[in-house]
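Here the structure is laid out as structure tokens; the discussion comes afterwards.
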Amino acid sequence: MKKRLATPTLELTCNHLKLRLVRPSLALHSLRDGGSVWLDNGPAGAPLWQLHAVDAEGWRVALDGSKAGKATARASNGGILLEWKGVTDPAKGAGPFDVAVTIRPLADRPSAVAWQIHVRNRSRKWTLWTVTFPILSGLVPAGNGKADRMFYPHGWGMEQSDLARMTEIRRRYPRGWDFSMQFMGYTRGVRTLYVGAHDPRLTTKEFLFRPESQPGGAKKARFSITNFPENMSKAGNGFDMGYDTVVAVIPGGWYDAARLYGDWARRQPWVSAPPPAAPREPRRDREIHAWQVLSFPDKPAKEWGGQMETLVKKLGVRFGIHFYNWHQVPFDTSYPDYFPARKEFKPFVARMKRAGIITMPYINGRLWDVNSRTWPARRAERFSVKYSMERVNPRTLIQHLEEYGNGQKLAPMCPATPFWQDTVVELCRWIVKGLGCDGVYIDQIGAEKGELCFNPAHGHPLGGGGYWLEGYRRMAAKIRQAVGPHATLTTECNWEGCIADFELLLSWAWFTEQDIPLFPAAYSGVTQNFGSQFNAAEIEQDGGRVFARKMARLFVWGAQLGWGDLTPLLKKEHTPLLAFLRTLCVLREENAGTFAAGRMQRPPAIRGASRDILCSVWESADGRATTLFSANPTRKPARTTVVVGGGRLQVALPPLGARAYPLR
């Protein structure tokens with residue numbers, strides 16, 4: 001570590017990254033990696049952190065380093081220690097707060113540092129509501145359009161290009177629907193600024209990327225992470241971050257960032273430590289290669305049954321049905337009062353099981369309808385999420401309610417409460433043991449955000465904390481104990497906190513040109529996605545072009561196929577589409593070990609006239625084999641050159657064709 005004093009700036013170096021701060025407030029002037037400037041805020045600088053605090057009357061203040069009585073910087077244990085003492089707002093009487101920031105080298109990785117913040121609240125009247133740290137302002141673009149790319153973990157992963165056209169990304173975590181992992185980054189050409197919260201508790205936080213106009217019309221950008229302290233609403237609460245925010249400049253782009261994050265995340269218990277009663281057989285033996293969404297009463301049970309038996313015979317692979325509306329109450333209404341089931345459902349399940357088909361009905365793992373008969377009968381309101389206005393010791397907590405387009409109000413339940421855990425456990429037990437189903441889909445656990453809950457009776461810290469992960473993990477362990485190791489447990493979207501407890505994560509909603517396989521780059525081999533929503537029009541229109549492309553992308557990205565109504569494929573005019581789906585299914589089955597336990601490799605470069613072919617490269621679990629998987633979802637032959645492993649491979653596929661090419 002080297003330190004060089006200057007006036008009015010201070011320059012500190014940690015693990016090859018040079019941090020220049022503006023005195024006296026230690027505002028961020030710039031961040032450099034060698035000769036490259038990544039952050040530049042000019043002589044005025046920009047705050048590294050911001051505190052948001054409130055009092056009992058609802059007065060609010062925002063505080064940063066400029067409000068400190070004294071700010072110092074020094075070398076400490078091979079890293080950097082920054083301290084701000086006596087942070088106050090005299091006009092409102094807020095504070096004092098003391099803030100300490102540590103920056104230390106990340107072991108075995110050059111140009112990578114780990115940041116942490118500690119906030120001591122010495123006030124008896126003010127509560128700390130949020131801590132935004134780090135604030136990485138002044139991000140300097142490469143300035144030549146597509147060389148600038150910003151990526152973040154929405155769905156599979158998304159990438160924006162050209163800072164002039166990028167939009168603000170503000171996402172709450174945990175919420176698999178919006179932000180499934182705790183990192184994002186900005187690529188300039190062949191190098192990337194990585195910003196990742198390596199938080200093993202998966203505490204509630206908010207990620208921000210914001211393009212910002214500069215004088216003269218130019219643009220820069222900022223990254224920031226807002227943390228929600230434990231015991232919000234209690235005067236004198238502080239904040240110990242307790243995890244590293246890793247800031248690194250790395251070679252490569254989004255794939256390399258995903259591997260950096262994945263190398264850390266795959267060692268965490270919510271990935272590596274499934275519950276004691278979890279399945280023990282190899283993952284490949286539990287792979288399901290195609291999924292049908294079946295909703296009662298869209299068709300009579302007899303008609304559905306015949307069509308399902310025909311589909312499984314034609315596809316010839318392990319096949320699953322995801323049931324909706326198997327219950328008598330309307331969808332998204334009267335939850336969790338699912339029973340009794342429709343009278344035709346249990347006999348239908350038995351028929352499907354005789355045909356070798358996996359049966360998995362829907363329940364919601366998060367919501368209780370406040371007008372259901374059991375809401376008052378079981379006094380469920382006591383265990384629902386309660387929100388607080390921004391003030392110390394609020395007199396009234398607010399019932400959080402949600403609506404899903406049907407005019408009904410549903411309350412998110414607090415997963416930290418044994419009451420809600422046991423309610424979901426009993427639903428799952430009856431579905432598997434009483435109805436004979438092969439598994440349960442538990443909606444929203446991996447999808448919807450962990451709300452801030454302020455109910456002191458629930459036994460968790462008020463507001464912020466990691467109790468959503470802890471509560472869901474306890475629930476999942478109880479469910480697995482109740483239903484046994486052979487039942488398939490799945491949930492909606494792909495929040496990483498569900499990986500150890502749920503076999504499959506539903507990827508139904510995402511299909512855009514900005515999508516990138518960020519999630520499988522981080523987590524392939526330890527979890528599995530399934531499905532992409534499609535409708536009848538996507539099969540019936542334009543030769544099924546959209547349907548074919550969705551299935552092709554699922555295939556090359558390693559996911560299980562289907563997740564819609566596949567029965568239109570049984571029409572004679574759609575025989576080519578059914579044959580294409582079968583080809584993909586059979587290839588998945590033949591390579592089930594690779595897709596279940598192998599690793600997605602760096603995406604190959606595609607050269608040549610045709611960009612219709614979709615490709616990916618996977619390494620087997622033992623590292624001995626590498627395979628290129630390719631699919632042509634169009635109605636015309638396609639040929640292209642794929643650059644992979646330092647060589648070139650000529651790929652030629654027939655219309656609606658797919659192939660696996662062994663590389664070693």
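Only one entry in Arg366, Arg382 is under 27 Å from Leu462 (Cβ atoms), touching a residue at least 60 places away in the same chain (Cβ under 8 Å), in contact with a Leu (Cβ under 9 Å, 6 or more places away or on another chain) and not aliphatic (A, V, I, L, M), namely Arg366.
Of all residues in the range 458-472, those satisfying the criterion of being over 23 Å from the mean Cα position of the chain (by Cα) and farther than 16 Å from Gln421 by Cα are Pro461, Leu462. If only residues of the range 241-265 that are touching a residue at least 24 places away in the same chain (Cβ under 8 Å) and among the charged types (D, E, K, R) are counted, the one that is most open to solvent (accessible area, probe 1.4 Å) is Arg259. The number of residues in the range 644-659 that are of a type in the set (Val, Ile, Thr) and over 30 Å from the mean Cα position of the chain (by Cα) comes to 1. Residue count for the range 557-568 satisfying the condition of being surrounded by 23 or more Cβ atoms within 10 Å (Cβ to Cβ) and either on the phi < 0 side of the Ramachandran plot or part of a loop (DSSP other than H, G, I, E, B) (or both): 6.
Across the range 21-31, which residue is farthest from Gly189 (Cα to Cα) among those that are crowded, with 20+ Cβ neighbours inside 10 Å and not aliphatic (A, V, I, L, M)? Across the range 21-31, the extreme among qualifying residues is His29.
Every residue, every condition in (1) open to solvent by 30 Å² or more (accessible area, probe 1.4 Å); (2) touching a residue at least 12 places away in the same chain (Cβ under 8 Å), yes or no:
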site: Ala235; (1), (2): yes, yes
site: Phe239; (1), (2): no, yes
site: Pro274; (1), (2): yes, yes
site: Glu303; (1), (2): yes, no
site: Lys314; (1), (2): yes, yes
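Out of the range 602-623, which residues are in contact (Cβ under 8 Å) with a residue 40 or more places away in the chain and in a loop (DSSP other than H, G, I, E, B)? Within the range 602-623, Arg602, Pro603, Pro604, Ile613, Ala621 qualify. Look at Gly543 and say whether it is open to solvent by 10 Å² or more (accessible area, probe 1.4 Å) and small (Gly, Ala, Ser). Judged against the criteria, Gly543 is a match. Residues in the range 1-20 that are surrounded by fewer than 19 Cβ atoms within 10 Å (Cβ to Cβ), closer than 17 Å to Pro251 by Cα and at pLDDT 95 or above: none.
Note on the range 616-659: residues that are open to solvent by less than 70 Å² (accessible area, probe 1.4 Å) and out of contact with any helix residue (DSSP H, G or I) (no Cβ under 6 Å at 6 or more places or on another chain) amount to 23. Hey, can you tell me all the residues within the range 582-597 that are among the basic types (Lys, Arg) and either within 27 Å of the chain's Cα centre (by Cα) or not in a helix (DSSP H, G or I) (or both)? Across the range 582-597, the qualifying residue is only Arg588.
This table checks each residue for (1) buried (at least 16 other Cβ atoms within 10 Å of the Cβ); (2) closer than 27 Å to Glu470 by Cα; (3) among the hydrophobic types (A, V, I, L, M, F, W, C); (4) within 24 Å of the chain's Cα centre (by Cα).
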residue: Pro90; (1), (2), (3), (4): no, no, no, no
residue: Thr102; (1), (2), (3), (4): yes, no, no, no
residue: Asp108; (1), (2), (3), (4): no, no, no, no
residue: Gln116; (1), (2), (3), (4): yes, yes, no, yes
residue: Gly155; (1), (2), (3), (4): yes, yes, no, yes
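The values are calculated or read from the model by the stated rules, or taken from the named source; none is laboratory data. What you are looking at is a predicted structure, and each value in this text was computed from that prediction instead of being measured. Quick reminder, even Gly has a Cβ in these numbers, built from the backbone with ideal geometry, and neighbours come from all protein chains shown. Accessible surface is based on the protein model in full, side chains and every heavy atom, while ligands, DNA and RNA are left aside. Shrake-Rupley method; radii C 1.70, N 1.55, O 1.52, S 1.80 Å.
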